[in-house]
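For reference, the structure discussed in these notes is given below.
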Amino acid sequence: MREAHTEGPVAPAGTAPDSVPILSLLPGCSPRLTGENPEHVKLLAAAQDLPPILVHRSTMTVIDGMHRLRAAKLRGDETISVKFFEGDEKEAFLLSVDANIRHGMPLSLADREAAAGRILSIYQQWSDRAVAAAAGLSPATVSAIRQRSFVPAERESGRVGRDGRVRPVDGSAGRRRASEVIAMKPDAPLRAIAREAGVSVGTARDVRERLRAGRDPVLTSQRGTAKERGPSVEGAVKAQRQRVGNARQSIDWRSVRGSLSKDPAVKYAENGRAFVRWVDSHAIEPVEWCELIDAVPPHWRNSVAELARSCAVAWLELAQELEQRAPGATSAQCESRSAGGGRELPINNS
């Protein structure tokens, strides 16, 4: 990867792993703020045939696999299977973040936010979406981090998107041009509208759909001056966190399932596999309810809304229980949770 694009470094594939002495390896710049989890290390030490770890060849530092390296040391192994990465240190860090997001023990929200801050310090010209994709966050969260720590948006001329194209920070002008083109040529193809207005086909499509629905073609976040927009991003993030009742970043089940089900602690445990199957039947994606909500008759909507709130409370209690048992939870927190008594989760099995 170079400054011109943001697709990210690619881990070596198809090459035979090497066996290297464990003592020759050094800890890398891990995105994990609290280091390795001892319990996870013990679980991996009991497993067999762990995948090769990823090592930066020029520095012999571990990019991905510190838990596996600790497990090998715990077992008394003298060598470990390794795949080498040849890029520079900046690329190695991006690859480390990407690898830890995709599989193994998940990165915490604090880990991912810290990683986003470092990526922004290296690649300030990257778009919020590009950094969000690299760090496993939402673009709104990255925008808030950027505004707290880096150059104000009004002083930037443009940013590099995930596809490597440079786009202006303020996209409202392009949306207005697209709306004018659509007003003059309502039947024009999207590509022709996008070309004439100087926007992407996706933006042209969104503008046309907004106009058809009688909505402003300019996104809410793009309205007003850059100074006025700044706090609105922070406010949106804060409001979202208040709605769900805690400060956790919202993620979808599909983005977690693949990595979770491949984790040895889950994959080789019957209750772990059972948990994945249970969430498969209970998790719901926004696009699913968006497609089904019109099927609810008007006289049932209040009842179904209350049911949805009940399920939301149950999921929130499940989240709180998991957090209490997570590494780093204090004994006082656990005692407080136990004193509260809790209640049976009213998960809807229909």
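What the table below lists for this structure:
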{"quantity": "Set of the range 14-49 residues, backbone N closer than 16 Å to the point 7 Å along the Cα-Cβ line of GLU89", "calculated": "26-31"}
{"quantity": "With all protein chains modelled, accessible area of ASP88 [1.4 Å, Å²]", "calculated": "70 Å²"}
{"quantity": "Gain upon complete extension [ILE122, PHE275; 0.36 nm per residue less C-alpha separation]", "calculated": "51.2 nm"}
{"quantity": "Where the range 46-109 is the region considered: accessible area per residue in Å², 1.4 Å probe", "calculated": "46 Å²"}
{"quantity": "Extension gain from TRP315 to LEU74, taking 0.36 nm per residue of separation minus the Cα-Cα distance", "calculated": "83.1 nm"}
{"quantity": "Order of exposure, largest accessible area first, which applies to TRP300, TRP126 with probe 1.4 Å", "calculated": "TRP300, TRP126"}
{"quantity": "Shape category assigned to the range 172-214 from the gyration tensor of Cα positions, a/c cut at 1.5", "calculated": "rounded"}
{"quantity": "Solvent-accessible ranking of HIS103, HIS282, largest area first, probe 1.4 Å", "calculated": "HIS103, HIS282"}
{"quantity": "ALA183/ARG129 FRET efficiency (R0 25 Å; Cβ-Cβ; nearest 0.05)", "calculated": "0.30"}
{"quantity": "Accessible-area ranking of TYR268, TYR123, largest first, probe 1.4 Å", "calculated": "TYR268, TYR123"}
{"quantity": "Anisotropy class of the range 84-150 from Cα gyration tensor, a/c 1.5 cut", "calculated": "oblate"}
{"quantity": "Placed amide H near PHE85: partners under 5 Å, 5+ positions off or other chain", "calculated": "VAL55, HIS56, ARG57"}
{"quantity": "Antiparallel bridges, percent of DSSP beta bridges restricted to the range 1-150 (to nearest 5)", "calculated": "60 percent"}
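The values are calculated or read from the model by the stated rules, or taken from the named source; none is laboratory data. All of these numbers come straight from a predicted model, not from anything done at the bench. Cβ sites come from the backbone with ideal geometry, for glycine too, and all protein chains shown count toward neighbours. When the accessible area is computed, the model is the full protein with side chains, heavy atoms only, and any ligands, DNA or RNA have been set aside. Shrake-Rupley method; radii C 1.70, N 1.55, O 1.52, S 1.80 Å.
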